[in-house]
Amino acid sequence: MVPATTAIESDVSSARVPYAGIATRAVALVIDLAIVNAVFLVGAGVLGLVTSLVGDLRPDWLVAALAGTAWTLTVAIYFVLFWSVTGQTPGLRAMRLRVAAGDAGPPSLGRAFIRLVGLLLAIVPLFAGFIPVLFDRRRRGLQDYLAGTVVLYADRAQPRVGEAAGHEVATVGP
C-alpha cells in the first residue's frame, strides 16, 4: 500500500508547469545579450576599420553618443523583432521557451516594445522586477505584467487561449 503523502508528492512532482521559471529565463537573457553584443561589436569593428581608412570622426563625444545610440537601437531591434515575429529570441529558443500574448501567439510589435521597456525597468533596480517570477502563479515579471505576456516552455502543454492572458477559462467535463 502506498502512503497518501507519497502519491500526492509523485503527482505534484510529475506536474509540468507550462510557465518558465527565473533560472531558464535568466540563462536565455544572458545568451541573448551575448549574441546582441557580439553582433554590435562586429558591426562597430567594421565601421571603425572603414572610418580609420577615410579619417576619424570628431569630436569624441559625438562618437560616444553615436555608439551608444547604435547599441540601444541594436538591442531594441533584436528583442522587439524576434519577440513580435516568432515569439522567441535565439536565447529563448536555446532554452526551449517562447513569449506569448493573451491569444497564445507572439506579441504584437507594440506589446513587444512595451515588454522591452518593462525589461529595462525590471533590470534597473538590481533586477527587482524579476522577483514576481518567484511568486506569481504564471511566473510573470514586470515586463510581462506591463505587456500582458507570459513566457512558456515551448515543448510542454500550453495553456488554453485566454488563460495565458490571465482570464479564467471554464472547463467542460471531469
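The values are calculated or read from the model by the stated rules, or taken from the named source; none is laboratory data. Small disclaimer: the values here were computed from a predicted structure and weren't measured. Positions of Cβ are backbone-derived with ideal geometry, glycine not excepted, and every protein chain shown enters the neighbour counts.
Across segment 88-107, the number of residues qualifying as within 18 Å of R140 (Cα to Cα) and either assigned to a loop (DSSP other than H, G, I, E, B) or among the basic types (K, R) (or both) comes to 12. Scanning segment 16-37 for residues that are modelled with pLDDT of 90 or more and assigned to a loop (DSSP other than H, G, I, E, B) returns P18, A20, G21.
Scanning segment 42-89 for residues that are in contact with a strand residue (DSSP E or B) (Cβ under 6 Å, 6 or more places away or on another chain) and at positive phi returns a single hit, G87. Scanning segment 95-112 turns up no residue that is under 22 Å from A157 (Cα atoms), modelled with pLDDT of 95 or more and of a type in the set (S, T, Y).
With respect to the stated conditions, F40 fails to be modelled with pLDDT of 95 or more, surrounded by 14 or more Cβ atoms within 10 Å (Cβ to Cβ) and under 11 Å from the mean Cα position of the chain (by Cα).
When residues in segment 45-87 are screened for being crowded, with 16+ Cβ neighbours inside 10 Å and assigned to a helix (DSSP H, G or I), 10 of them pass. Of all the numbered requirements in (1) under 14 Å from A20 (Cβ atoms); (2) at pLDDT 95 or above; (3) not in a helix (DSSP H, G or I), R156 misses one, and that requirement is (2). Does segment 105-120 contain at least one residue that is of a type in the set (D, E, K, R) and within 19 Å of A26 (Cα to Cα)? Yes, there is a match, as at least one residue in segment 105-120 is of a type in the set (D, E, K, R) and within 19 Å of A26 (Cα to Cα). Taking residues in segment 47-70 that are touching a residue at least 24 places away in the same chain (Cβ under 8 Å), and partners anywhere that are part of a helix (DSSP H, G or I), the pairs with Cβ atoms closer than 9 Å and at least 6 places apart or on different chains are A70/F40; A70/G43; A70/A44; A70/L47.
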